[in-house]
1. Would you mind counting up the charge near CYS41? Only other residues with Cβ under 10 Å from its Cβ, with Lys and Arg at +1 and Asp and Glu at -1.
2. I'd like the GluC sites (Glu not before Pro) in segment 39-130 restricted to DSSP loop residues with at most 16 other Cβ atoms within 10 Å, sorted by number.
3. Expressed as an acute angle from 0 to 90° and rounded to the nearest 10, what is the orientation of the C-alpha long axis of helix 82-97 relative to the principal long axis of the chain?
4. For the chain, give the magnitude of the charge dipole about the Cα centre (Cβ charges: +1 Lys/Arg, -1 Asp/Glu; no others), in debye to the nearest 20.
5. Of HIS109, ILE89, CYS41, which is farthest on the positive side of the dipole of segment 20-124, counting Cα position, with +1 on Lys and Arg Cβ, -1 on Asp and Glu Cβ, and the Cα centre as origin?
6. I need the semi-axes of the equivalent ellipsoid of segment 20-124: take the C-alpha gyration tensor, multiply each eigenvalue by 5, square-root it, list largest first in whole angstrom.
7. Taking the Cβ-Cβ separation of GLN125 and GLU83 as r and a Förster radius of 30 Å, what is the calculated FRET efficiency to the nearest 0.05?
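Read the figures in this text as sums done on the coordinates, not as results from a lab. All figures in this text were calculated on a predicted structure; none of them were measured in a lab. A quick note on method: Cβ atoms are made from the backbone with ideal geometry, for glycine too, and the neighbour counts reach across all protein chains shown.
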Amino acid sequence: MDELQHLGKPSNKPVDTVDLIEWRGDAIVVRLDCSEFTCLCPVTGQPDFGTLIIEYVPQKHLAETKSVKLYLWKYRREGAFNEVVVDTIASDLYRQIKPRWLRVIGRFHSRGGIGVTATAERGQQEYRPS
């Protein structure tokens, strides 16, 4: 296992990958709540604010949360539609963590009277929590 790059260190720049922590336990559901998620509208360049929820059932690794935070920060400078952001985060984290199952839910605040909620899932449905 590689050394953790961000935990306990003064890292504060966005990153493209998350650090992994070895997992040897049973199937559990991990839920990460990011209530201050921000991304940029690709048309206006204005920030979109929302809550991002990441749930996954680890197989061999847990995602180290500080590196997840730094990974999510990169969306503060990248323009993409909310639905694309959620789908991209799900694909990136699924590829990196390799969990049994993963779901990313983005609940974005209303702009122009319409809020957006987008959900992306990856992995084995039998591990999906009820």
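1. Neighbourhood net charge equals 0.
2. Answer by residue number: GLU78.
3. 10
4. Values: 18 positive and 17 negative charges, 22 e Å.
In total the dipole reaches around 100 debye.
5. ILE89
6. Numbers: eigenvalues 138, 34, 24 Å².
Rounded to whole Å, the semi-axes are 26, 13, 11.
7. 0.90
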